[in-house]
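Asker: First the structure, then my questions, so here it is.
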Amino acid sequence: AVVSTQSTGVVKMAESGGDTGWDVFTIDYVLTGAGAGPLTVIVNQDSRETYLLIFRTLWKTKRIEHGLRKIWGKTVTWDRTLPHIIGEIGDFRHKVNIICSEMQHFISQVQYYINFEVLECSWKELENSVNSAENLDIIIEAHKRFLSIVTERLMLIKEKEEVLQKLYANYTNAVKFMEAYDNAYLVLKKANLQREERERNVVRKTKSGGWGTTSDDQKSQKLKMKNFDLR
C-alpha cells in the first residue's frame with residue numbers, strides 16, 4: 001500500500017519566543033477517507049508519533065539547506081544589489097562565501113546520508129517485505145522494523161543521543177550564521193543607500209556649479225561609516 005501526498009498534513013507545534021515558521025510547523029500523516037481503515041492498523045498512533053519525530057529531523061535539515069541556498073543566492077547578486085559599496089566589501093563577501101560553502105558541503109553530506117543510507121535502503125527493504133507478505137501481520141511487523149531502522153540510523157534513540165546533539169549543535173550554528181547574515185545584509189543595504197544618496201548629491205551640486213563634497217560632507221560620511229566595518 002502506498003500513502004499518497006494527500007495523506008500528509010501540517011502540524012503546528014507549541015510556540016515560544018523568537019520562533020519562526022520552521023520552528024513551529026512539521027509534517028504528519030492524516031489517514032482519512034475511503035481505504036484509510038487498513039492503513040490505520042499499520043500506521044497506528046505509536047507509528048504516527050515516530051513519524052512525527054522523523055519528520056522533525058528531516059524538517060530541521062531542510063531548513064538549513066533552504067537558508068544556506070538563500071544566502072548563496074543573495075551573495076552572488078551583490079554586484080547588482082549593492083553596487084555602490086561592492087568595492088569595499090570584497091573581504092567580507094569572500095568570508096561569507098567560504099563559511100556558506102563549508103556549511104553547504106556539510107549539510108549536503110548529511111542529506112546524502114539521510115536519503116541514501118537511511119531512507120532509500122530502509123524503504124526498499126520495506127517494499128520487498130510488503131510485496132512478499134502473506135498476511136497483514138507480516139506487513140505490520142515489516143513496518144515496525146522499517147521505523148526502528150530509520151530511527152536508529154537517524155540517531156533518534158537514547159544510545160545515540162550524544163551524537164544527535166552534536167549534529168543539532170551544528171544546525172544551531174548554521175541558524176545563527178543565517179541570522180547574522182540577515183543582520184549584516186540590512187547594514188549593507190543601508191550603507192549602499194547612503195552611498196547612493198551621497199553620489200546623487202555630488203552630481204547635483206556639481207551640476208549647479210558648487211563643490212561636489214565639502215568638509216562637512218566628509219565629516220558626516222566618516223560618522224556614518226563608523227558602524228560600517230565588517231572585518
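The values are calculated or read from the model by the stated rules, or taken from the named source; none is laboratory data. Source: prediction; values computed, not measured. With ideal geometry, Cβ positions are generated from the backbone for all residues, glycine too; neighbour counts draw on all protein chains shown. What goes into the accessible areas is simple: the full protein's heavy atoms, side chains included, and nothing from ligands, DNA or RNA. Shrake-Rupley method; radii C 1.70, N 1.55, O 1.52, S 1.80 Å.
Asker: When the residues of the stretch 51-64 are filtered to those that are open to solvent by less than 40 Å² (accessible area, probe 1.4 Å) and either under 20 Å from residue 166 (Cα atoms) or among the acidic types (Asp, Glu) (or both), which remaining residue is nearest to the chain's Cα centre (by Cα)?
Answerer: Top of the filtered list is 64.
Each row is one residue, and each column tells you yes or no for (1) at pLDDT below 95; (2) surrounded by 12 or more Cβ atoms within 10 Å (Cβ to Cβ).
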| residue | (1), (2) |
| --- | --- |
| 88 | yes, yes |
| 94 | yes, no |
| 97 | yes, yes |
| 110 | no, yes |
| 114 | no, yes |
| 128 | no, no |
| 136 | yes, no |
| 143 | no, yes |
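Asker: Do we have residue 163 as open to solvent by 30 Å² or more (accessible area, probe 1.4 Å), under 15 Å from residue 42 (Cα atoms) and not hydroxyl-bearing (Ser, Thr, Tyr) here?
Answerer: No: the conditions fail for residue 163.
Asker: Which pairs turn up if I take residues in the stretch 68-90 that are free of Cβ contacts under 8 Å to residues at least 40 places away in the same chain and farther than 20 Å from residue 196 by Cα and look for partners that are open to solvent by less than 50 Å² (accessible area, probe 1.4 Å) and hydrophobic (A, V, I, L, M, F, W, C) with beta carbon separation below 6 Å, at least 6 apart in sequence or on another chain?
Answerer: If the second residue must be open to solvent by less than 50 Å² (accessible area, probe 1.4 Å) and hydrophobic (A, V, I, L, M, F, W, C), the pairs left are 72/100.
Asker: Given the criteria touching a Gly at 6+ places or on another chain (Cβ under 8 Å), of a type in the set (Val, Ile, Thr) and open to solvent by less than 60 Å² (accessible area, probe 1.4 Å), does residue 150 qualify?
Answerer: no
Asker: Considering the stretch 127-176 alone, what residues qualify as being charged (D, E, K, R) and under 20 Å from the mean Cα position of the chain (by Cα)?
Answerer: If the condition is that a residue be charged (D, E, K, R) and under 20 Å from the mean Cα position of the chain (by Cα), then 166, 176 are the ones that fit.
Asker: Run down 72, 78, 22 and say which single residue is surrounded by 15 or more Cβ atoms within 10 Å (Cβ to Cβ) and modelled with pLDDT under 85.
Answerer: The match here is 22.
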